[in-house]
Amino acid sequence: MKALIVDDSSTLRMFVRKMLKGQGFETIEAADGKEALERLAEAGGANVALVDWNMPVMNGYDFVCAVRALPEHNDMFIMMVTTESELDKVAQALEAGANEYLMKPFTKEDLENKLALLGVL
Amino acid sequence: MVTFSISPADFDYIRDFVKRRSAIVLDDGKEYLVESRLLQVARKRSLTSLEELMSKLRSGMDKSLLESVVDAMTTNETSWFRDLHPFQVLKERILPEMCNGSNPKKELNIWSAACSSGQEPYTIAMIIKDYFPMREGWDVKILGCDLSAEMISRARAGLYSKLEINRGLPAMLMVKYFQQDGRNARIKDDIMKMVTFRQMNLVEQWPFLPKMDVIFLRNVMIYFTPQVKKEILRKARAVLKPGGYLFLGAAETTINLDDSFEVLRLNKTTCYRVRT
Ligand SMILES: C[S@@+](CC[C@H](N)C(=O)[O-])C[C@H]1O[C@@H](n2cnc3c(N)ncnc32)[C@H](O)[C@@H]1O
Ligand SMILES: [Mg+2]
């Protein structure tokens, strides 16, 4: 399983990377949406993307819209991982093509539960 | 300033009392936990010392204080779709089986017997709402019970913090069945009205209950002695419809406690049925 971690906080990326590696995932990382699209193209895709909302250059919402316009990444699950916690935002992300939503802060168990819901764990 | 340091005698008093009232066993080494939870009770009641709390308790005069202390000793940890697989089995196997005509009365009773703040029975309600939009004439009842009066009132309120909403609730259902309420999320009426809540102590005499098609008795018996577990399983058996299903927590079993149950391994979960 390959996971793409997109967040402008390197601390957060490290936290998520450790958890995912512990579950046997291979990980790739990016600090914003634009970089994420590049990494994704290089890597030839991923099984799941964990995507922050608020980032410079290209935010997570725009990334979701952009990646959902690319048929080659149709099968990739997208989970927003963000401090945005209004239900309106959750709805907006789902409409744009995200599959799951995790609010910060979260525990290892919260993340695992969501990955299990997506069927990637 | 409230100062506490629980004496061995007080600790023993509390644990005897809690065990008698709820069957919850507080092992040695739980002094800190007991003390900090008593502290919460004292704070809520504006009592200023452990002595004051203990003497009120020992007098037995204040029934609601007794109840609050037992309530404070319960562990209410829970989540939506906890362990996932039991709910998949409910959705993919049990509900279709029960709705396929073998149930001419078109009646379904599901019981979440130690439901904490309501995540378990509401999870069941959302599954039924989503996958079994009940045809005309179906009567679906979901009952949520717990010893803790505080948990029952929280479950009834259906109001969850961001941290609680984050625990296992699929985003689709979050959007569909919850509405923003300040910084919290409130479960919508159509799900809320599918569930009835009532306070109930599993170790006291059970009230009259309808015969259940499915019982969720999860992550509560772990706190009990084998003898108490046996007694509860015996009563659960009497409440379960023939062919009905029992779910226990991942660390719980009927094995070596009640041989009248057969163990069914379905997908990645285990459930139990009364042998025929
Ligand atoms: C850890 S929670 C489990 C909640 C839910 N069933 C789950 O699996 O997520 C255990 C619950 O059992 C309740 N409980 C403890 N002793 C009980 C008793 N004697 N009768 C009824 N409920 C009890 C507690 O109040 C607590 O809410
Ligand atoms: Mg950010």
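The values are calculated or read from the model by the stated rules, or taken from the named source; none is laboratory data. In this text the structure is predicted, and so the values were computed from the model without any measurement. Virtual Cβ from ideal backbone geometry, glycine too; neighbours counted across all protein chains shown.
For the range B:226-235, indicate whether the set of residues that are in contact (Cβ under 8 Å) with a residue 40 or more places away in the chain, within 16 Å of ligand 1 (Cβ to nearest atom) and over 18 Å from the mean Cα position of the chain (by Cα) is non-empty.
No: zero hits.
Of all residues in the range A:110-119, how many are more than 8 Å from chain B (Cβ to nearest Cβ) and either on the phi > 0 side of the Ramachandran plot or surrounded by fewer than 18 Cβ atoms within 10 Å (Cβ to Cβ) (or both)?
Selection size over the range A:110-119: 3.
Only residues that are touching a helix residue (DSSP H, G or I) at 6+ places or on another chain (Cβ under 7 Å) and facing chain A (nearest Cβ under 9 Å): list them for the range B:162-178, please.
B:ILE165, B:ASN166, B:ARG167, B:GLY168, B:PRO170, B:ALA171, B:MET172, B:MET174, B:VAL175, B:PHE178
Among the residues in the range B:189-202, are any more than 13 Å from ligand 1 (Cβ to nearest atom), of a type in the set (S, T, N, Q) and surrounded by fewer than 19 Cβ atoms within 10 Å (Cβ to Cβ)?
The answer is yes, given that some residue of the range B:189-202 is more than 13 Å from ligand 1 (Cβ to nearest atom), of a type in the set (S, T, N, Q) and surrounded by fewer than 19 Cβ atoms within 10 Å (Cβ to Cβ).
List the number of the failed condition for A:GLU86; all other conditions in (1) more than 10 Å from chain B (Cβ to nearest Cβ); (2) without any contact (Cβ under 8 Å) to a residue 24 or more places away in the chain hold.
(1)
Please list, ordered by residue number, the helices (runs of 4 or more DSSP H) wholly in the range B:71-161 having 3 or more residues that are within 14 Å of chain A (Cβ to nearest Cβ) and not small (Gly, Ala, Ser).
B:85-89, B:119-131
Which helices (runs of 4 or more DSSP H) does the range B:7-69 wholly contain that include 3 or more residues that are at positive phi?
none
A quick yes/no check of all residues on (1) in the same structural domain as B:PHE216 (by TED's automatic domain parsing); (2) in contact with a strand residue (DSSP E or B) (Cβ under 7 Å, 6 or more places away or on another chain); (3) among the hydrophobic types (A, V, I, L, M, F, W, C):
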{"position": "B:MET126", "(1), (2), (3)": "yes, no, yes"}
{"position": "B:GLY137", "(1), (2), (3)": "yes, no, no"}
{"position": "B:SER153", "(1), (2), (3)": "yes, no, no"}
{"position": "B:TYR160", "(1), (2), (3)": "yes, yes, no"}
{"position": "B:ASN166", "(1), (2), (3)": "yes, yes, no"}
{"position": "B:ALA171", "(1), (2), (3)": "yes, yes, yes"}
{"position": "B:TYR177", "(1), (2), (3)": "yes, yes, no"}
{"position": "B:GLN180", "(1), (2), (3)": "yes, no, no"}
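Have a look at B:VAL89, B:VAL70 and point out the one that is touching a strand residue (DSSP E or B) at 6+ places or on another chain (Cβ under 9 Å) and away from ligand 2 (no atom under 16 Å from the Cβ).
Matching residue, one of B:VAL89, B:VAL70: B:VAL89.
Among the residues that make up the range A:45-68, is at least one of them hydroxyl-bearing (Ser, Thr, Tyr) and either buried (at least 19 other Cβ atoms within 10 Å of the Cβ) or touching a Lys or Arg at 6+ places or on another chain (Cβ under 7 Å) (or both)?
Yes, the conditions are met somewhere in the range A:45-68.
Looking only at residues that are farther than 20 Å from A:VAL90 by Cα and touching a residue at least 60 places away in the same chain (Cβ under 8 Å) in the range A:16-66, which one is nearest to ligand 2 (Cβ to nearest atom)?
A:VAL16
Quick check, is B:LEU53 under 12 Å from B:LEU38 (Cα atoms), without any contact (Cβ under 8 Å) to a residue 24 or more places away in the chain and surrounded by 16 or more Cβ atoms within 10 Å (Cβ to Cβ)?
In short, yes.
Which one of these does A:LEU94 not meet: (1) facing chain B (nearest Cβ under 8 Å); (2) in contact with a His (Cβ under 8 Å, 6 or more places away or on another chain)?
Against the list (1) facing chain B (nearest Cβ under 8 Å); (2) in contact with a His (Cβ under 8 Å, 6 or more places away or on another chain), A:LEU94 comes up short only on (2).
If I ask for residues that are assigned to a helix (DSSP H, G or I) and not β-branched (Val, Ile, Thr), which ones from the range B:162-173 would you list?
Those that are assigned to a helix (DSSP H, G or I) and not β-branched (Val, Ile, Thr): B:LYS162, B:LEU163, B:GLU164, B:ALA171, B:MET172, B:LEU173.
Look through B:ILE187, B:ILE191, B:ILE152 and report the one residue that is touching an Asp or Glu at 6+ places or on another chain (Cβ under 6 Å) and away from ligand 2 (no atom under 16 Å from the Cβ).
B:ILE152
Which of the residues belonging to the range B:62-91 are farther than 14 Å from B:ILE124 by Cβ, among the acidic types (Asp, Glu) and touching a residue at least 24 places away in the same chain (Cβ under 8 Å)?
B:GLU67, B:ASP71, B:GLU77
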